[in-house]
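The values are calculated or read from the model by the stated rules, or taken from the named source; none is laboratory data. This is a predicted model, so every value here is computed, not measured. Here the Cβ positions follow ideal geometry from the backbone for every residue, glycine too, while neighbour counts run over all protein chains shown. Accessible surface is based on the protein model in full, side chains and every heavy atom, while ligands, DNA and RNA are left aside. Shrake-Rupley method; radii C 1.70, N 1.55, O 1.52, S 1.80 Å.
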Amino acid sequence: MTTEIVFPGIEEYLAPYYGYFRRSESRELAECYITGLLMDGERKSVEPMSEKVNASERGMQRLLSTAKWDDQLVAAQFRRTMLDATSDPQGLLVIDDTGFPKKGYDSVCVARQHCGASGKTDNCQIGVSMTYVGQDIAWPYVMELFVPESWDQDNNECAAKRKKAHVPESVRHKSKWRIALDFVDLARKDNVPHRAILADGWYGNIPEFRQELELRNESYMLGVYSNTQVFLQEPVFEIAPVKEHKRGRPRIRPKVISTNPEPIKLSALGASIADDAWQRLELRLNSKDKPLAAEAVSMRVWPAIGWKQGDHHEQVWLLIERRPLRGGGHELRYFFSNMPQHLVTIDLARLYHERYWIEHGYQQLKEELGLDHHEGRSWNGWHRHVLLTTLAYGYLTLLRLQQKKQLSATARRNWIQKRSTLESAALF
């Protein structure tokens with residue numbers, strides 16, 4: 001069942017996890033599974049991997065489904081290991097979700113829903129995730145399978161498919177933003193150093209999500225949609241007087257007759273900005289060591305979501321970014337942030353652009369490590385495959401970090417040696 005390990009330090013890397021496996025067979029299978037994920041190959045499902053690492057296909061399937069090992073403790077150990085190497089007071093927590101397209105309907109939590117992988121409503125699973133970015137290193141902190149409402153119905157059909165996919169009774173439908181809050185709470189419990197939460201427009205347009213982050217004293221930079229309305233000055237609402245009704249329920253929320261000023265859509269606000277108002281910003285160097293530039297403006301606004309019901313939101317930063325399109329014209333993107341008022345536009349723009357790490361992470365997890373190659377259909381199998389893929393990603397990340405430190409140390413030694421040689425030559 002064993003295979004020659006061709007990855008340097010893999011045994012030392014996995015050693016802290018061995019105690020969470022009850023049997024030596026499971027430990028060996030886990031090492032084979034991770035090795036299979038790291039090896040070259042177009043498909044990283046159990047059958048082709050078991051052949052490459054010379055392991056039992058049935059044993060590797062059992063590792064994902066019924067083998068006795070504590071995946072929760074393995075995940076906690078992974079977080080500790082990675083934080084020891086990448087912990088950063090200026091770290092970031094990046095929230096996102098990714099789709100796993102499926103052809104059939106038997107895989108756990110498959111439903112017709114928006115799939116980022118295909119860019120449309122599709123038959124897929126959705127994984128909600130949070131990535132940690134620290135010391136220019138990014139790694140998946142946690143990922144959980146989203147349970148659609150169709151998988152949490154009180155009927156025989158739903159009960160049958162939950163039983164077939166071995167979904168625990170305690171697992172119920174929860175909004176993605178509430179799952180994301182659970183992730184933030186987990187990071188806070190783990191005392192993860194970070195300066196802000198980043199997420200895209202699906203999360204930024206949910207007032208409750210922003211409010212819950214505020215209650216936790218968390219700074220955020222969140223994307224928002226172009227049809228979102230804002231006030232450019234703090235609004236004053238005119239509330240309709242409450243009438244006495246002899247019948248029916250009394251009004252619970254106030255009815256707003258008018259507001260001063262009127263709200264404006266972000267799309268209209270972005271289109272009204274003069275060309276000379278845009279600031280050209282150099283954010284960072286790209287992979288070819290060329291500056292990545294963007295045009296942006298920032299201003300203070302009040303979100304107007306739910307204003308007709310009298311909802312009054314906190315003042316936030318609005319960042320608008322402009323990108324040229326190949327066919328001409330520009331694309332505008334919008335972001336809300338509760339970062340301190342003294343920040344300048346380039347600080348806000350650089351902060352959100354740290355989110356690019358997660359795109360690179362998903363690309364490597366899926367294209368190189370087979371995150372989306374899992375063919376099992378059970379709840380346990382999906383989460384264990386994701387965890388083992390995460391461990392493989394952690395191994396590669398720490399290996400690159402070690403190589404980076406070695407190169408840096410070598411460069412420093414060479415610089416010191418060169419300087420000493422020049423100083424010696426100067427004496428003569």
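Annotations
- Straight Cα distances below 18 angstrom link Lys103 to the aspartates and glutamates Asp122, Asp372, Glu375, with same-chain residues fewer than 8 positions distant left out.
- Calculated on the alpha-carbon coordinates, the convex hull of the stretch 1-123 measures out at 158 cubic angstrom per residue.
- Within the accessible area of the chain (1.4 Å probe), percent carbon and sulfur: 48 percent
- Long-range Cα-Cα pairs in the stretch 324-378 (distance over 16 Å), rounded percent: 67 percent
- Förster radius 41 Å - calculated FRET efficiency between Ser175 and Gln135, Cβ distance, rounded to 0.05: 0.80
- Accessible area per residue in Å² at 1.4 Å probe, computed on the chain: 55 Å²
- Per residue convex hull volume, Cα atoms of the chain, in Å³: 218 Å³
- By the beta carbon rule, with partners counted only under 4.7 Å, the chain holds these lone Cys residues: Cys32, Cys109, Cys158.
- Computed extension gain for Tyr356 through Leu232, at 0.36 nm per residue and net of the alpha carbon distance, reaches 41.7 nm.
- Two-decimal log10 I(q)/I(0) for the stretch 146-237, as the Debye equation yields it once each C-alpha is a single scatterer, q = 0.15, 0.19, 0.25 Å⁻¹: -0.77, -0.95, -1.22
- The Cα atoms of the stretch 286-368 define a convex hull whose projected area, averaged across directions, is 8.7 nm².
- Value of D in µm² per second that Stokes-Einstein yields for the stretch 266-410, Kirkwood Rh from Cα pairs, at 20 °C (1.002 mPa s): 112 µm²/s
- Test item: Cα-centred dipole of the chain, Lys/Arg +1 and Asp/Glu -1 on Cβ, debye: 600 debye
- In a fully extended conformation the segment linking Met39 and Glu282 would gain 83.7 nm over its present Cα-Cα distance, using 0.36 nm per residue.
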